[in-house]
Amino acid sequence: MSLLQVNNIKKIYTQRFSRQQYVALNNVNFKVEEGEFVAIMGPSGAGKTTLLNILASLDRVTSGEVLLDGRDMGSIKESELASFRRNNLGFVFQDFNLLDTFTLKDNIFLPLVLSQENYEEMSAKLQPIAKTLDITDILEKYPYEVSGGQKQRCAVARAIITKPKILLADEPTGALDSKSSNNLLNMFESINRSGQTIVMVTHSSYAASYANRVMFIKDGEVYSEIYKGDRTRKEFLDKIVSNLLVMSDGGVSIG
Ligand SMILES: Nc1ncnc2c1ncn2[C@@H]1O[C@H](COP(=O)(O)OP(=O)(O)OP(=O)(O)O)[C@@H](O)[C@H]1O
Ligand SMILES: [Mg+2]
């Protein structure tokens, strides 16, 4: 069984006043196996965030189903969604979403506090993560006292401290300079190597080249996908760039 199975999903947005309908996703089918690192690319408005929000159970499909570990996310009661997310999913957003009135450490502990873990357990979990992410020395600081890259690393720590089944990231490098982006991508690569499944939306071919598979979305549908396979990252990057070109030309994807 795949970790994540997306079966023929459709998402229609209905405008509040005009009642006009907009098909944001249509006929989307794919699977994600445990341990994969998948990047999702596509033009602005293609439906990437819509898809990620559905995978994050922050939004519901109009039809079709999303199964996580065989469980239909659409069947989860509204009252259980928050704990379902906390127990199964980790999120990293472009704008970090850290709380300014909490230290970085308390921000990272937040999902565990909500699950009522005690302080010793939380500290024990944080230690190795903080070391990997190189944030041990700044944990007592507040978000406004650290750099964008450091904030992003804390957001990653918060996302993975619960050991989520899937880490979902929407443009995680979008607000970072190139050095911080590289750090973040290397970190994703290393947590993926240690078994973390990752689904990442990105506009950057370079960021996508860190994944094992890139799925291209256009006009709400899966347009094509490519696997890294035995390619080097540079070769994969070239392949991603040429696929993007083909997609923007509306031509046919080449193998
Ligand atoms: N709440 C909403 N109500 C109506 N239409 C929406 C809503 N959210 C998104 N859309 C529309 O659905 C389409 C897909 O939006 P989405 O945010 O998923 O795109 P995206 O691929 O993430 O784009 P970007 O790369 O710019 O972030 C867009 O045309 C958008 O205008
Ligand atoms: Mg988006």
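Things worth noting here:
- Screening the range 41-57 for residues that are more than 13 Å from the chain's Cα centre (by Cα) and more than 8 Å from ligand 2 (Cβ to nearest atom) and picking the one that is nearest to LYS10 (Cα to Cα) gives GLY47.
- The range 121-165: number of residues that are at positive phi and of a type in the set (Asp, Glu): 1
- Looking across the range 11-37, the residues that are under 14 Å from VAL222 (Cβ atoms) and within 16 Å of ligand 2 (Cβ to nearest atom) come down to LYS11, ALA24, LEU25, VAL28.
- Subset of the range 167-201 that is of a type in the set (Ser, Thr, Tyr) and surrounded by fewer than 23 Cβ atoms within 10 Å (Cβ to Cβ) - its residue that is farthest from ligand 2 (Cβ to nearest atom): SER194
- One residue stands out in the range 85-100 among those that are crowded, with 18+ Cβ neighbours inside 10 Å and touching a helix residue (DSSP H, G or I) at 6+ places or on another chain (Cβ under 6 Å): the one that is modelled with the lowest pLDDT, namely PHE96.
- For the range 169-179, the criterion of being under 18 Å from ILE40 (Cα atoms) and without any contact (Cβ under 8 Å) to a residue 60 or more places away in the chain is satisfied by at least one residue.
- Conditions (1) over 28 Å from ASN243 (Cα atoms); (2) within 16 Å of ligand 2 (Cβ to nearest atom); (3) at pLDDT 90 or above: number failed by THR62: (2)
- The listed residue being at pLDDT 90 or above and either within 25 Å of ILE54 (Cβ to Cβ) or within 16 Å of ligand 1 (Cβ to nearest atom) (or both), out of THR136, THR103, THR162: THR162
- Failed item, numbered, when THR101 is tested on (1) assigned to a loop (DSSP other than H, G, I, E, B); (2) over 19 Å from THR197 (Cβ atoms); (3) within 19 Å of the chain's Cα centre (by Cα): (3)
- Just one of the listed residues (SER248, SER204, SER224, SER242) is within 30 Å of THR162 (Cβ to Cβ) and small (Gly, Ala, Ser), namely SER204.
The values are calculated or read from the model by the stated rules, or taken from the named source; none is laboratory data. Treat the numbers as computed from the prediction; the structure is a model and nothing was measured. Virtual Cβ from ideal backbone geometry, glycine too; neighbours counted across all protein chains shown.
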